[in-house]
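Taking it in order: structure first as structure tokens, then the write-up.
The values are calculated or read from the model by the stated rules, or taken from the named source; none is laboratory data. The shown structure was predicted, so the numbers you read here are calculated from the model rather than taken from an experiment. When we count neighbours, we look across all protein chains shown, and the Cβ atoms used for this are built from the backbone with ideal geometry, even at glycine.
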Amino acid sequence: MRRHLIAVVTCSAAALALTACGSTESTDAEAKPSAQSISLTDASGVEVKLDGPAEKVVGTEWNVVESLVTLGVDPVGVADVKGYTAWDTAAPLKNAPKDIGTRGEPSMDTIASLSPDLIVATTDLSASAVKQLRTIAPVLEVRSAKSSDQIGQMEENLDLIARATGTAGRATEVKKAFDTTVAEGKKKLTDAGLAGSQIAFADGYVASNQVSIRPYTSGSLVGAVNEEIGLKNAWKVKGDEAYGLGSTDVEGLTVLGDVQFAYIGNNSDTDVFAKDLSKNAVWKSLPFVKKDKVYRLPDGIWMFGGPKSMQAYVDAVVDALTK
């Protein structure tokens, strides 16, 4: 079930003595407004208290880094900066944050050296790592994903980070822009006669000379966005409870029938579908392959990102299908 996030913002006693809560006016022209203290309950149920909007923020996962950048907050520390730069081009870094290590095992020493106001992590990070991080600075955990409501979870995470960084107004603008992109994409597909078309989105990789395919079911973020723009998910396999991702092989594609097939190329020269399967008899026999309805979308669209990534996805998939 969805975990409810409760945010309570209170004025400091010093600010109350001067003016009403939230006002920037002062009876003393030279006096500076006092920072508002912030109290948030994060996805793990922990109350996070801040003296004011966090400015020096560290992000341990790419989706939270994207949210920070989108909200106009330049993170001082980012996990796997090189990876983020390659995989998430929708919200490029505008500064040069310190690389804090891998997303699964961030460097505690590096993070501590940054003296952050706040560390934003996800529920995918181990409990032991989060416990260590809490000895360095306040940690705000957001739920990584929820297959029953991916778009709602994405926006909930954005809102929570916005409250912690004093950028709630910007979050509202970001969500409106996302809704506009979805509406425009849906209209373009409708105008092209593609409303209700079945689509199967996937990525793939090779392990031990075997091609494995990862379906993005209707419970995935991409699957949810596809349905929002008027497409139907063609996958029959079941996805996991968090990300809505499944698993299959080339033979498993035979149940799809005549659909639109889209995929991401994994930012590498190795293209499983165009190269590794190019001579595979099963792959070549598939209706969507025969009819040239296979689309490689541009690299750099993070499939587990935030509104910016999903806007980039909508633009890319609509453009591919309507050419």
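Below is a table of values for the structure above.
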item	result
Qualifying position, being more than 17 Å from A316 (Cα to Cα) and surrounded by 16 or more Cβ atoms within 10 Å (Cβ to Cβ), among Y205, Y243, Y263	Y243
Odd one out for D299 among (1) touching a residue at least 40 places away in the same chain (Cβ under 8 Å); (2) buried (at least 21 other Cβ atoms within 10 Å of the Cβ)	(2)
From the options G223, G230, G252, G246, residue that is modelled with pLDDT of 95 or more and in contact with a Pro (Cβ under 7 Å, 6 or more places away or on another chain)	G246
Residue check, I38 farther than 24 Å from E241 by Cβ, modelled with pLDDT of 95 or more, among the β-branched types (V, I, T) and not assigned by TED's automatic domain parsing to the domain that holds N157	yes
Filter pass, I229 being free of Cβ contacts under 8 Å to residues at least 60 places away in the same chain, touching a Gly at 6+ places or on another chain (Cβ under 6 Å), crowded, with 18+ Cβ neighbours inside 10 Å and within 27 Å of E66 (Cα to Cα)	no
Positions within the stretch 151-179 being more than 24 Å from Q260 (Cα to Cα) and of a type in the set (V, I, T), in sequence order	I161, T165, T167, T172, V174
The stretch 163-199: number of residues that are over 20 Å from the mean Cα position of the chain (by Cα) and within 23 Å of G244 (Cβ to Cβ)	8
